[in-house]
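Below is one structure, written out as structure tokens; the observations come after it.
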Amino acid sequence: MKCSHPPSLPKPITAILSVDLLVRILDHIVDAGDRKSFRLVCDHFLLAESLHRRSLRPLRLKYLPSLLGRRYPSIESLDLSVCHSLDDNSLATAIASGSYWQKLRRVGLARASGVGWKGIEALVTTCPLIEAIDLSHCCEVGDRVAAALAKAAGLRDLRIDKCLGVTDVGLAMVSVGCGRLERLGIKWCMEISDIGIDLLVKKCRNLRVLDLSYLQVTNNSLRAISSLEKFEALSLVGCRFIDDEGLAFLNNGRNSLQSIDISRCQNVTWFGIASVIEGHRNLQIINMGDCHTEVTPAFLSQLSLIKTTLNILKLDGLQISDSGLQNIGSNCNNLIEIGLSKCLGVTDKGIGELVSSCTCLRSIDLTCCHLLTDNVLTAISKYCINLTCLRLEACSLMTEKGFGQIATGCSQLLEIDLTDCSINDIALQHLTKCSELKVLKLGLCANITSKGLAYIGSNCNNLEELDLYRCVEVDDYGLSFLADGCKRLKKLNLCYCIQITNQGLQYLSSLEWLSDLELRGLVNVSSMGITSIAFGCKSLVELDLKGCSSIDDAAMFALARYSLNLRQINISNCSVSGVGLCKLLRTLKCLQDAKLVQLTRTSVEGFEFALRASRCKLKKLKLAGDLMELLSPKLLQMLQARGCRIRWVDKPMLFNSLTIE
Amino acid sequence: MASYERRKVTLKSSDGEEFLVEEAVAMESRMIRYMIWDGLAGDVIELPGVKGKFLSMIIDFCKKRVAWAAGGDGTLEGLKSDFVKVDLGTLIHLSAASFCLKTNDLVDLTSQTLANRIQGKTIDEICRALNPEE
């Protein structure tokens, strides 16, 4: 750790606050930032935190022996998804070298594209207690890895979403070997069919949660699944071959299902869901967004059967009338969350009826319900006082009057989406009275100025995410208020706020917890601004600088020197040359995702050199299509062998293509 | 159980203060309870890990809780929040004392309150708050 040695507190305090007591206090401290402050107070607190820590997310494999073996004796959960240069052999060697792996219960290897059967086999044999493994998005994983997974007899939670190589054979091996499986995710594993699901259901009788989204399974799979006794949650997003007949199989008296997601299933209608409700009177979550069906009165009266338990209902993209909404209100008055995004026919009257009956609502999604006006906001503020999340994207008829009512009525609001609404500074003055706000989205609100940001900075001190996409009146002065008031800010989007200059970025550099920063199209920002960001924002993980034409190599040097946690970067259309690019790709150890399109100042040799120097830690690359012919085949082979996926983008090579505004 | 309720014990703190309490109140502390059940306690129970000032506050809370359980007015939540309306230094001592006496719900209450006070502060602020002058 490069931090200064923490001072020790005087003996009396450390004698009173014994390690046991500190561990009890730590049980109640959850936020990562707070835990970090805690452990940096003194050695005593550091010891307590090390003993208490149950999960770890290392960036480098080579430090694991000392971390797991000596410093953190209670680790049960290991997340290796950001560990750079993780490949099969290094993982297998690391596991073989120490006995501290034996206590592990959960291992995360999402997107660890270098891992294969050797590493998994070593993991499974060395960790007898292992109950959860996450291999999602490891696209190269196939049946050989599944065979290795099958040896983990205690496995209860397995995610192999988007492991494109897994077929029915692999799934069969896992079903036979892991009989205690309770949760399985096989989203996008397109090779799996009804045969695999049939055997899975026969062997893993304890299955509770199953995600079969986008698979080409048919109604026969549903017939098999209906025989499971403890089945609770089913996800069938985008399953084209499922229809009402299949859903009817689920109506067989088991009554265990709590959650069903059939969004984007083209052949499912309300009748199918109605039969599921008939058989499972404890349903809590129904998601039927984007199905090609109507919300009929018959369906709505069926909903009254699950009146007491239904909490979440999503009807995105469906046509619904005022009487329909009124029916929902009277039939499901225990609703906590309702999704009506992009629904046609939603008006003030309907929503008014809905919220007057469903007073427990905590989350309302009205994205793109263009006809709604301030009347809806008045109704919501009157009835839904526990509201925490409100999405009103593109509801442009609403004014500051309505927002003022929301602020007074719903003081617990945590998240609000006002993208493309007519928000001005006065509306913000009202809205920021919700001082608990964590997420505020104001994209495309071109009337917001520094005055509005001043309100945000002074009142919303807990803000973690702020979206000011294309809020063109925002300038440096406004950013100074943000930097002073919103110290916990983690995500900030300032794309195309062209008035921002280096001075604004200087203000932002005091935000220690800023991890995701988007600065697309800021033509007035130069490398000096980026240097101050790199120096001050120590937690920076994602940075988007596309179109910042004044950014050059000096910014790359600064990022390479200071932004050691950077994992994702977009420098397309910047004035970066081969020298800066090479320094960036070589030095940043954690970099996994780089978008390098239209770097007009970098030559082909520059790319070649920089990509070789990256030492194959990159997992995703976006490059100009022309380079496919120009880069050496050996380099491309090497990158692909180490698990890097390259996207080739065909855009004409234009110089100074940014003078659009 | 009548005789058990009316019996009194003396609790002696580390700095020599003595408190005469009903056995029912003293039994709120698991440590004392097990001592009494195992027959290891005389009429005076010594508690070398706890100072008089904090012992009296804990005894006070236990008395109020026993009275509430027997059908008094007020709420348990109200009693608990009154107990932790103290400055940080005293809270730390109370937490350590509850831990020593094994009154588990007081340990949970005080550690939760301490966690709430530490959350959101910077390292310097935590250090200053824990300064032993308090």
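Each value in this text was obtained by applying a stated rule to the coordinates, not by laboratory testing. Please read these numbers as outputs of a predicted model, since none were measured by experiment. Note: ideal-geometry Cβ built from the backbone for every residue, glycine included; neighbour counts use all protein chains shown.
Brief remarks follow.
- Couplings for region B:97-103, taken from phi via the Karplus curve 6.51 cos²θ - 1.76 cosθ + 1.60 with θ = phi - 60°, read 5, 4, 5, 5, 7, 6, 8 Hz in order; Gly and Pro are left as x.
- Segment A:Arg561-A:Ser458, extension gain: residue separation times 0.36 nm, minus the distance between their alpha carbons: 33.7 nm
- Under-5 Å amide H pairs with A:Val649, H placed in peptide plane, nonlocal only: A:Leu623, A:Ala624, A:Gly625
- Projecting the Cα positions of A:Cys421, A:Leu479, A:Gly409 onto the charge dipole of region A:396-500 (unit charges on Cβ atoms of Lys, Arg, Asp and Glu, taken about the Cα centre) puts A:Gly409 furthest along the positive direction.
- One Cα centroid belongs to region A:249-314, the other to region A:69-110; the line between them spans 42 Å.
- 26 Å Cα-Cα threshold exceeded, pairs from A:Lys62/A:Lys620; A:Lys151/A:Lys620; A:Lys314/A:Lys451; A:Lys491/B:Lys121; A:Lys441/A:Lys538; A:Lys307/A:Lys433: A:Lys151/A:Lys620; A:Lys314/A:Lys451; A:Lys307/A:Lys433
- Panel order for A:His28, A:His292, A:His84, A:His280, by other beta carbons found within 10 Å of each beta carbon, from fewest to most: A:His292, A:His28, A:His84, A:His280.
- In the frame of its principal axes, region A:214-255 has Cα extents of 26, 18, 13 Å, reported largest first.
- The P(r) of region A:1-143 has a tail past 21 Å containing 48 percent of all C-alpha pairs.
- For A:Thr373, the amide hydrogen comes within under 5 Å of the amide hydrogens of A:Asp348, counting only partners 5 or more places away or on other chains and with H modelled in the peptide plane.
- Across peptide B:125-131, the average count of Cβ atoms from other chains found within 10 Å of a residue's Cβ is 4.
- Model label zone, A:Asn375; criterion: amide N under 17 Å from point 7 Å along Cα-to-beta-carbon; scope region A:320-346: A:321-327, A:345-346
- All Cα pairs of the protein assembly as shown, percent lying beyond 47 Å: 34
- Note on region A:445-491: dipole from Cβ charges, positive end direction compared against A:Ile448, A:Tyr469, A:Leu489; the farthest Cα belongs to A:Leu489.
- Spin-label zone in region A:575-605 - amide nitrogen under 20 Å from a point set 7 Å from the Cα of A:Met628 along the C-beta vector: A:594-600, A:604-605
- Relative to the Cα centre, the charge distribution of chain A, modelled as +1 at Lys and Arg Cβ and -1 at Asp and Glu Cβ, gives a dipole magnitude of about 2540 debye.
- Computed over chain A: relative contact order in percent, which uses C-alpha pairs under 8 Å that are six or more apart: 5
- FRET E, pair A:Asp27, B:Arg7, Förster distance 35 Å, beta-carbon r, rounded to 0.05: 0.45
- Under 30 Å from the Cα of B:Lys63 - lysines, other chains or at least 8 residues apart: B:Lys8, B:Lys12, B:Lys51, B:Lys53, B:Lys80, B:Lys85, B:Lys102
- For A:Met398, the residues whose modelled amide H falls within less than 5 Å of its own, excluding neighbours fewer than 5 places apart on the same chain, are A:Ser422.
- Ranked by the mean number of other Cβ atoms within 10 Å of their residues, highest first, the peptides B:10-16, A:352-358 fall in the order A:352-358, B:10-16.
- Counting, for every residue in A:28-39, the Cβ atoms of other protein chains within 10 Å of its Cβ and taking the mean gives 4.
- The phi-based Karplus calculation (6.51 cos²θ - 1.76 cosθ + 1.60; θ = phi - 60°) puts the 3J(HN,Hα) values of region A:118-129 at 5, x, 5, 5, 4, 4, 5, 6, 7, 10, x, 8 Hz, whole numbers, x for Gly and Pro.
- Contact order, relative form, for region A:67-193: 20 percent (alpha carbon pairs under 8 Å, 6 or more residues apart, mean separation divided by residue count).
- Vicinal HN-Hα couplings computed from phi for region A:324-332 (Karplus, 6.51 cos²θ - 1.76 cosθ + 1.60; Hz; Gly/Pro x): x, 5, 5, 4, 4, x, 7, 8, 10
- FRET efficiency, 1/(1 + (r/R0)^6) with R0 25 Å, evaluated for A:Glu294 and A:Glu245 via beta carbons: 0.85
- A:Lys634, B:Lys53 arranged by Cβ crowding within 10 Å, fewest neighbours leading: A:Lys634, B:Lys53
- Per-residue mean of foreign Cβ neighbours for A:42-50 is 1 (Cβ atoms of other chains, 10 Å radius).
- Distance from region A:595-651 to region A:333-371 (C-alpha centre basis), Å: 48
- With contacts taken as Cα pairs under 8 Å at a separation of at least 6 residues, region A:527-613 carries a relative contact order of 29 percent.
- One chain, two ends: A:Arg54 and A:Ala446. Fully extended at 0.36 nm per residue, the span grows by 136.5 nm beyond their Cα-Cα distance.
- Evaluated at q = 0.08, 0.10, 0.16, 0.20 Å⁻¹, the base-10 log of the normalised Debye intensity for region A:164-313, with identical point scatterers placed on the Cα atoms, takes the values -0.20, -0.32, -0.80, -1.23.
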